[in-house]
Amino acid sequence: MSDKKENSTIDQILSRIYGNGRGWAFSRKDFALLGNADLIDKSLSILAQKGTIRRVMRGLYDYPRYSKWLQQSLEPDIDQVAHALARKYGWNIQVTGNAALNIMGLSTQVPTRYLYLSDGSSKTYLIGAVELEFKKARYSLLNTKRQDSALLVQALDSLGSANVGQAELQAFARYLAPDKPLPAKTRNAIARDTQYVTSWIQQAIMQILELASSEEAR
């Protein structure tokens, strides 16, 4: 293996990592088109040794988020880790419960356990002090194709219909469209993706999409 080829592969890997931004988690699988497995593994190992990326667990890395205030790297983004594992093993996954609320910014409580429904094997990983669990579920429970759709459905289900008022709807809308109105293409895609969910959740999502598509959400 020539140094030139190795350096070229590292540069391509870095370009993809930087393009995804800090917090992104990944495995060799995410760079499969850039070279053979041994070359990718060696390149990732070199970047980890340099401190550019961090090894989260065997075969999985992240580009650490950094706090200027704390002057140190932050803990891995568990949702990013979950999706990196899903890509690695070819799973479809969907976050559940309080973890969905936390990801969307509707809960300040940091979960010590993240549960994802999965069409793969049931597995549990320990990431620092956080438990990441994948639970095998029926395909019917994983029928949303978009990540934003899945988050909406699971977060609303976690809150329950009695606890979803105008303030919560506005918060969901701001998550979907923090800076500018939600594009019509995205709005229509989410609406199609959630048309067969529980009636009250579907109605709430339509209200959220209406708010996110206007200036009222900001």
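From the Cα gyration tensor of the range 33-159, with a ≥ b ≥ c the square roots of its eigenvalues, which class applies: rounded if a/c is under 1.5, or else prolate if a/b is larger than b/c, or else oblate?
oblate
To make sure I understand, if each residue's beta carbon is the centre and we count other beta carbons within 10 Å, what order do 198, 52 fall in, fewest to most?
Ascending number of Cβ neighbours within 10 Å: 198, 52.
So how strong a dipole does the range 3-67 carry about its Cα centre when Lys and Arg Cβ are +1 and Asp and Glu Cβ are -1, to the nearest 20 debye?
Numbers: 12 positive and 7 negative charges, 43 e Å.
For the range 3-67, the charge dipole is close to 200 debye.
Between residue 143 and residue 110, what is the spin-label point distance in nm, taking each point 7 Å from the Cα along the Cα→C-beta axis?
The modelled label-to-label distance comes out at 3.7 nm.
Would you be so kind as to identify which of 33, 107, 194 lies farthest towards the positive end of the dipole of the chain, taking Lys and Arg as +1 and Asp and Glu as -1 on Cβ and the Cα centre as origin?
With unit charges placed on the Cβ atoms, the residue in question is 33.
Sticking with the crude label model, points 7 Å out along Cα→Cβ, report the distance from residue 191 to residue 163 in nm, one decimal please.
In this crude label model, residue 191 to residue 163 measures out at 2.9 nm.
Taking Kirkwood radius over Cα pairs in Å as the quantity of interest, determine which of (i) 18.1; (ii) 19.0; (iii) 20.1 was computed from the displayed structure.
(ii)
Just to be sure I understand the model, the point goes 7 Å from the Cα along the line to the Cβ. What's the resulting residue 72 to residue 50 distance in nm?
Those two pseudo-labels are separated by 2.5 nm.
Can you grab the distance from the C-alpha centre of the range 57-88 to the C-alpha centre of the range 165-181, Å, no decimals?
The range 57-88 and the range 165-181 have Cα centres separated by 26 Å.
Can you give the Rg and Dmax of the range 77-139 based on its C-alpha atoms, in angstrom?
11.1, 31
Okay, which of the range 75-109 sit inside 16 Å, backbone N to the point 7 Å along the Cα-Cβ direction of residue 37?
Within reach of a label on residue 37, which here means backbone N under 16 Å from a point 7 Å along Cα→Cβ, the range 75-109 contributes 88-90.
Starting with the fewest neighbours, write out 164, 56 ranked by other beta-carbon atoms found within 10 Å of each beta-carbon.
164, 56
Sort all Cα-Cα distances of the range 3-67 into consecutive 10 angstrom bins from zero, then give the percent of pairs in each bin up to the one containing the longest distance.
Histogram of Cα-Cα distances, whole percents per bin: 22, 61, 15, 1.
Apply the Debye scattering formula to the range 143-218, with a single equal point scatterer on each alpha-carbon and no solvent, then give log10 I(q)/I(0) at q = 0.15 Å⁻¹.
-0.42
How would you rank 66, 125, going from fewest to most other Cβ atoms within 10 Å of each one's own Cβ?
The fewest-first ordering by Cβ neighbours comes to 66, 125.
For residue 89 and residue 4, what does the FRET efficiency come to when R0 = 35 Å and r is the distance between their Cβ atoms, rounded to the nearest 0.05?
Once the sixth-power term is evaluated, E becomes 0.60.
About the Cα centre, and with charges only on the beta carbon of Lys, Arg (+1) and Asp, Glu (-1), how big is the dipole of the chain? Nearest 20 debye, please.
540 debye
Laboratory data are not the source of any read-out in this text; all were calculated from the coordinates shown. In this text, all values refer to a predicted model and were calculated from it rather than measured experimentally. So basically every Cβ, Gly included, is an ideal-geometry build from the backbone, and we count neighbours across all protein chains shown.
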